[in-house]
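A.B. asks: I am attaching a structure below and will ask some questions about it afterwards.
The values are calculated or read from the model by the stated rules, or taken from the named source; none is laboratory data. A quick note: this is a predicted structure, and the numbers were derived from the prediction, not measured. Cβ placement follows ideal geometry from the backbone for every residue including glycine, while neighbour counts extend to all protein chains displayed. Surface areas here come from the heavy atoms of the whole protein model, side chains and all, with no ligands, DNA or RNA. Shrake-Rupley method; radii C 1.70, N 1.55, O 1.52, S 1.80 Å.
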Amino acid sequence: MTQQQDSRRVGIVLVSHSQQVADGVAAMAAGLAGVADAPVAGAGGLPDGSLGTSEERITEAARRVDSGTGVALLADLGSAVLTVKTLLAEGDVLPEPTRLVDAPLVEGAVAAVVTSVGGGDLDAVAAAAEEAYTYRKV
């Protein structure tokens, strides 16, 4: 893969009510993908460090991982999902194209990051993350 291709990977933003959860899952996914500069960022918690979701944190993280090939957003639950949907409905706040992906946060994040660093487009990244719902543990 050339340097130009390598820098145009789909970005992944992990939206959680907890900054520690979002950042921890992002670090784990990047580590399992084996790429130090994987295009993944956590967007968790409120600016004061408390639990919640922040439009500003989500927007900033999406811009940080955007390389022009798309951004996949994975959210944990409840208001995180609603906040992402609100940002998407506004239409001009997030990079284009940006998509909310219906996937489990941890398993979906790992699948999404691995697919992104492997050169997958936004459709492939979303499909890999969504497929994580089928992973059986027993």
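A.B. asks: With Asp23, Asp6 as the choices, which residue is of a type in the set (Asp, Glu) and at pLDDT below 95?
C.D. replies: Asp6
A.B. asks: Still on this structure, please answer the following. Give segment 19-60 a look and list any residue that's of a type in the set (S, T, N, Q), open to solvent by 20 Å² or more (accessible area, probe 1.4 Å) and part of a loop (DSSP other than H, G, I, E, B), or say none.
C.D. replies: Ser50, Thr53
A.B. asks: Something else about it: Can you tell me which residue is least open to solvent (accessible area, probe 1.4 Å) among those in segment 116-138 that are modelled with pLDDT under 95 and among the hydroxyl-bearing types (Ser, Thr, Tyr)?
C.D. replies: Only one residue fits best here, namely Thr134.
A.B. asks: Another one. If only one of Asp92, Asp102 is under 19 Å from Arg63 (Cβ atoms) and of a type in the set (Asp, Glu), which one is it?
C.D. replies: Step by step, each of Asp92, Asp102 is checked, and only Asp92 is under 19 Å from Arg63 (Cβ atoms) and of a type in the set (Asp, Glu).
A.B. asks: Moving on to the next point. Can you tell me which condition Gly11 does not meet? The list is (1) over 17 Å from Val101 (Cβ atoms); (2) open to solvent by less than 10 Å² (accessible area, probe 1.4 Å), and all the others hold.
C.D. replies: (1)
A.B. asks: Using the structure shown, decide if Val125 is among the β-branched types (Val, Ile, Thr), within 22 Å of Arg8 (Cβ to Cβ), in contact (Cβ under 8 Å) with a residue 12 or more places away in the chain and not in a loop (DSSP other than H, G, I, E, B).
C.D. replies: Considered against the rule, which asks whether it is among the β-branched types (Val, Ile, Thr), within 22 Å of Arg8 (Cβ to Cβ), in contact (Cβ under 8 Å) with a residue 12 or more places away in the chain and not in a loop (DSSP other than H, G, I, E, B), Val125 comes out as yes.
A.B. asks: Of the residues in segment 61-101, how many are small (Gly, Ala, Ser), surrounded by fewer than 18 Cβ atoms within 10 Å (Cβ to Cβ) and in a helix (DSSP H, G or I)?
C.D. replies: The number of residues fulfilling the criteria is 2.
A.B. asks: Provide a single number: the residues in segment 47-70 that are in contact with a Lys or Arg (Cβ under 8 Å, 6 or more places away or on another chain) and of a type in the set (A, V, I, L, M).
C.D. replies: Total meeting the criteria: 0.
A.B. asks: OK, next. Among the residues of segment 128-138, how many are among the charged types (D, E, K, R) and either part of a loop (DSSP other than H, G, I, E, B) or in contact with a Ser or Thr (Cβ under 9 Å, 6 or more places away or on another chain) (or both)?
C.D. replies: 2
A.B. asks: Could you tell me how many of the residues in segment 81-97 are touching a Leu at 6+ places or on another chain (Cβ under 9 Å) and either in contact (Cβ under 8 Å) with a residue 24 or more places away in the chain or within 10 Å of Val15 (Cβ to Cβ) (or both)?
C.D. replies: 6
A.B. asks: For Leu105, only one of the following conditions fails: (1) in contact with an Asp or Glu (Cβ under 6 Å, 6 or more places away or on another chain); (2) of a type in the set (A, V, I, L, M); (3) crowded, with 22+ Cβ neighbours inside 10 Å. What is its number?
C.D. replies: (3)
A.B. asks: Related question: For Val113, indicate whether it is open to solvent by 10 Å² or more (accessible area, probe 1.4 Å), closer than 22 Å to Tyr135 by Cα, in contact with a strand residue (DSSP E or B) (Cβ under 9 Å, 6 or more places away or on another chain) and part of a helix (DSSP H, G or I).
C.D. replies: The answer is no for Val113.
A.B. asks: Could you list, in sequence order, the residues of segment 66-92 that are among the hydrophobic types (A, V, I, L, M, F, W, C) and at pLDDT below 95?
C.D. replies: Selection gives Leu77 alone.
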